[in-house]
Amino acid sequence: NAGVTQTPKFQVLKTGQSMTLQCAQDMNHNSMYWYRQDPGMGLRLIYYSASEGTTDKGEVPNGYNVSRLNKREFSLRLESAAPSQTSVYFCASSENRGIAPLHFGNGTRLTVT
Amino acid sequence: RKEVEQDPGPFNVPEGATVAFNCTYSNSASQSFFWYRQDCRKEPKLLMSVYSSGNEDGRFTAQLNRASQYISLLIRDSKLSDSATYLCVVNIGTNAGKSTFGDGTTLTVKP
């Protein structure tokens, strides 16, 4: 039982490049989330998917897109990376939106130069 | 004002000490509450849920005060391995589909 798996673990991009962060969970959870964490800023929600087939913006969605591919997978795409998107990205899942605790992946450390 | 506020610390305590963290939240519609632990450069991990009647898990006790809109975490007999950042998390209702994190309180336990 792997829980929440994120790939890649590390990535360096040049400004303007695009990439997709992958996330998969094997806990049969309905809800999935993407957060970013910057030093001194805490975790901020980028997008979430309350259930398969739905996605919604979080606190900081600009510059990102998401796809809930199926119940297991939720990807985050940066279409044109900017230095301000240098951060640690965490994917998370939960059994029931708003009630159950979150289970996090190991994170992706992204640097945009 | 932030929705969820924590004292950032750092709290530096000797082994064996008792330490308490508070977390205040602004939305009275908040329904569920959690404490997470985050080690340096790692993902947050659930430490414990916080129930209305208060709950205990070994050396850790969590309490909720809805009237004053705060939750607390008490750690007794601190261990070196308790050194971490402790995140307070508040969920607002069942339809919001999101959790609001505090910025965390850093604890360092010293020999």
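Tabulated data for the structure shown
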{"item": "Averaged over B:38-47, number of beta-carbon atoms from partner chains that fall within 10 Å", "result": "5"}
{"item": "Surface per residue (accessible, 1.4 Å probe) for chain A, Å²", "result": "45 Å²"}
{"item": "Relative packing of A:72-79, A:9-16, which averages over residues the other C-beta atoms within 10 Å, highest first", "result": "A:72-79, A:9-16"}
{"item": "Whichever lysines have a C-alpha closer than 28 Å to that of B:Lys2, once near sequence neighbours (fewer than 8 apart) are set aside", "result": "A:Lys57, B:Lys42, B:Lys45, B:Lys98"}
{"item": "Partner chain coverage, peptide A:7-17 - average Cβ within 10 angstrom", "result": "0"}
{"item": "Trypsin sites (Lys or Arg not before Pro) lying in DSSP loop within the range B:1-96, provided at most 10 other Cβ fall within 10 Å", "result": "B:Arg1, B:Arg41"}
{"item": "Inverse of mean 1/r across different Cα pairs in the protein assembly as shown, Kirkwood, Å", "result": "18.0 Å"}
{"item": "Partnerless Cys - the protein assembly as shown, beta-carbon criterion under 4.7 Å", "result": "B:Cys40"}
{"item": "The protein assembly as shown, dipole about Cα centre (Lys/Arg Cβ +1, Asp/Glu Cβ -1), debye to the nearest 20", "result": "360 debye"}
{"item": "Surface share of carbon and sulfur [accessible, 1.4 angstrom probe, percent] for the protein assembly as shown", "result": "47 percent"}
{"item": "Cβ charges +1 (Lys, Arg) and -1 (Asp, Glu), total dipole of chain B, debye", "result": "140 debye"}
{"item": "Other-chain or far-sequence residues with amide H under 5 Å of B:Ala17's (modelled H)", "result": "B:Ser78"}
{"item": "For A:Gly58, residues with placed amide H under 5 Å, excluding near neighbours", "result": "A:Tyr47, A:Tyr48"}
{"item": "Shielding of B:24-32 by partner chains, average beta-carbon count, 10 Å", "result": "1"}
{"item": "Residues in the range A:78-113 occluded by at least 40 Å² - accessible area, probe radius 1.4 Å, against chain by itself", "result": "A:Arg97, A:Gly98, A:Ile99, A:Pro101, A:Leu102, A:Phe104, A:Arg109"}
{"item": "Accessible surface buried upon A-B contact (total; probe 1.4 Å; Å², nearest 100)", "result": "1700 Å²"}
{"item": "Long-range HN-HN contacts of B:Asp7 with modeled amide H, under 5 Å", "result": "B:Asn22"}
{"item": "Of A:Ala81, A:Gly3, A:Pro61, farthest towards positive along the dipole that unit charges on Lys, Arg, Asp, Glu beta carbons give the range A:1-97", "result": "A:Ala81"}
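The values are calculated or read from the model by the stated rules, or taken from the named source; none is laboratory data. This structure is a prediction, so every number in the text was calculated from the model and none was measured. When we count neighbours, we look across all protein chains shown, and the Cβ atoms used for this are built from the backbone with ideal geometry, even at glycine. Quick note on the areas: whole protein, heavy atoms, side chains included, nothing else; ligands and nucleic acids left out. Shrake-Rupley method; radii C 1.70, N 1.55, O 1.52, S 1.80 Å.
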